[in-house]
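See structure below.
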Amino acid sequence: MENTMTETQAAMRKENEGTAVEAGSRATERFTASGKLATLDVPKERVSLLAGAAIKAINDIAVEHQVTYEEYHALKAWLIKVGTDGEWPLFLDVWLEHTIEDVNSAERPGAVGTIEGPYYVPEAPVLPTPATLQMREDEPGTPLLFKGRFTDTDGKALQGAQVEIWHADAHGFYSQYAPELPEWLFRGTVKADENGCFEINTKRPAPYQIPTDGACGQLIAAAGWHAWRPAHIHIKVSAPGHQPVTQQLYFPGDPHNEDDIASAVKPELMLDPRPRTDGGEGEEVVYDYVLAREGQTK
Ligand code: MBD
Ligand code: FE
């Protein structure tokens with residue numbers, strides 16, 4: 001009896017599995033298959049410096065906190081599990097990428113960036129503005145019209161600009177990282193018009209919970225932390241001759257804006273949802289992008 005499941009339980013289990021380890025390991029598969037690895041080339045001096053500093057930092061922690069063999073073995077078991085669960089991209093993007101992004105964007109003028117996270121997919125379908133992202137029939141969620149304009153740092157309209165956008169659905173799932181969602185659900189590449197303006201019709205995403213049944217979830221539970229990111233929309237903006245920006249936009253009032261597990265919220269990235277000016281259902285947000293020229297610094 002205890003080994004039988006109702007169909008509903010089986011379906012729920014399948015759905016949960018899809019949100020968990022599967023999402024993490026798909027991020028690993030994609031990163032491995034992306035071809036990025038073949039082009040990576042870090043000089044010996046930097047490897048020695050960075051690996052040496054990282055090893056020293058961990059050894060210092062072992063002394064400072066008098067790490068026991070029990071704890072050392074728990075660490076070893078857990079590190080092995082991060083790999084077998086395919087959750088290294090998830091782990092790194094949640095707990096390290098925010099610092100890498102800060103370091104690398106400090107001198108770039110214009111639009112503020114934040115982390116990319118593990119669920120970007122390049123080459124999403126190209127949509128002319130005004131665009132509507134792919135949705136299912138009866139897609140749940142509040143309709144959201146996202147409008148904006150591209151300029152350079154002199155205030156001139158930018159030609160050839162585009163917005164790559166991806167976000168979770170109203171249940172917090174990303175297409176291509178959860179089973180049974182249409183391939184390009186809530187993913188698109190939107191080309192701005194000749195004035196640098198764009199309009200994107202979509203639906204408000206739900207807050208996102210880090211998969212709880214993989215190694216990262218195990219760490220979160222063992223430490224007594226929470227697993228949440230505030231609701232967010234991922235964006236990559238670019239224009240010929242200009243520096244691209246990867247960012248996320250957030251909604252005021254989300255309880256996790258203040259304690260994002262991925263530390264990726266910045267005040268400049270907060271949206272200001274308003275009733276729609278076109279009389280349509282749902283809400284409207286306006287966000288404008290200033291892009292720096294290639295090589296331009298603050
Ligand atoms: C996400 O959706 C995300 O944006 C980050 C940074 C980590 C895990 C899931
Ligand atoms: Fe995300």
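Odds and ends about this structure:
- Across segment 125-138, not a single residue is classified as open to solvent by less than 50 Å² (accessible area, probe 1.4 Å), within 14 Å of ligand 2 (Cβ to nearest atom) and either closer than 29 Å to residue 295 by Cα or in contact (Cβ under 8 Å) with a residue 12 or more places away in the chain (or both).
- The lone exception for residue 216 - which of (1) assigned to a loop (DSSP other than H, G, I, E, B); (2) over 13 Å from the mean Cα position of the chain (by Cα); (3) within 13 Å of ligand 1 (Cβ to nearest atom) it fails: (1)
- Beta carbons closer than 7 Å, at least 6 apart along the sequence or on distinct chains, pair a first residue in segment 185-206 that is within 12 Å of residue 139 (Cβ to Cβ) with a second that is open to solvent by 40 Å² or more (accessible area, probe 1.4 Å) and not in a loop (DSSP other than H, G, I, E, B) for 201/132.
- Condition met for residue 221 (aliphatic (A, V, I, L, M), in contact (Cβ under 8 Å) with a residue 60 or more places away in the chain and either away from ligand 2 (no atom under 13 Å from the Cβ) or part of a loop (DSSP other than H, G, I, E, B) (or both)): no
- Residue 241 being over 22 Å from residue 102 (Cβ atoms) and among the small types (Gly, Ala, Ser): yes
For every residue, the table says whether it meets (1) acidic (Asp, Glu); (2) closer than 27 Å to residue 197 by Cβ; (3) touching a Cys at 6+ places or on another chain (Cβ under 8 Å).
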position: 72; (1), (2), (3): no, no, no
position: 78; (1), (2), (3): no, no, no
position: 82; (1), (2), (3): no, no, yes
position: 87; (1), (2), (3): yes, no, yes
position: 96; (1), (2), (3): no, no, no
position: 102; (1), (2), (3): yes, no, no
position: 116; (1), (2), (3): yes, yes, no
position: 126; (1), (2), (3): no, yes, no
position: 146; (1), (2), (3): no, yes, no
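- Matching residues in segment 158-179 - criterion: being among the aromatic types (Phe, Trp, Tyr) and in a loop (DSSP other than H, G, I, E, B): 173, 174, 177
- Looking across segment 68-103 at every residue that is open to solvent by less than 70 Å² (accessible area, probe 1.4 Å) and β-branched (Val, Ile, Thr), the one that is farthest from ligand 1 (Cβ to nearest atom) is identified as 68.
- Of residues in segment 227-241 being farther than 30 Å from residue 156 by Cα and either crowded, with 19+ Cβ neighbours inside 10 Å or of a type in the set (Phe, Trp, Tyr) (or both), the one nearest to ligand 2 (Cβ to nearest atom): 229
- If you filter segment 253-267 down to residues that are under 19 Å from the mean Cα position of the chain (by Cα) and either in a helix (DSSP H, G or I) or free of Cβ contacts under 8 Å to residues at least 12 places away in the same chain (or both), you find that the one that is nearest to residue 157 (Cα to Cα) is 267.
- Count of residues meeting criterion [under 15 Å from the mean Cα position of the chain (by Cα) and of a type outside the set (Gly, Ala, Ser)] in segment 169-187: 7
- For the criterion of being of a type outside the set (Gly, Ala, Ser) and either open to solvent by 50 Å² or more (accessible area, probe 1.4 Å) or away from ligand 1 (no atom under 14 Å from the Cβ) (or both), residue 109 passes.
- Residues in segment 161-178 that are surrounded by fewer than 21 Cβ atoms within 10 Å (Cβ to Cβ) and near ligand 1 (Cβ under 10 Å from one of its atoms): 172 alone.
- Residue within segment 180-201 that is under 24 Å from residue 288 (Cβ atoms), within 16 Å of ligand 2 (Cβ to nearest atom), assigned to a strand (DSSP E or B) and of a type in the set (Phe, Trp, Tyr) present: no
- Every condition in (1) without any contact (Cβ under 8 Å) to a residue 40 or more places away in the chain; (2) open to solvent by 10 Å² or more (accessible area, probe 1.4 Å) holds for residue 250 except the one numbered (2).
The values are calculated or read from the model by the stated rules, or taken from the named source; none is laboratory data. Given the structure is predicted, the values throughout are model-derived calculations rather than measurements. Counting neighbours? That spans all protein chains shown, and the Cβs are built from the backbone with ideal geometry, glycine included. Just the protein is used for accessible areas: all its heavy atoms, side chains included, with ligands, DNA and RNA removed. Shrake-Rupley method; radii C 1.70, N 1.55, O 1.52, S 1.80 Å.
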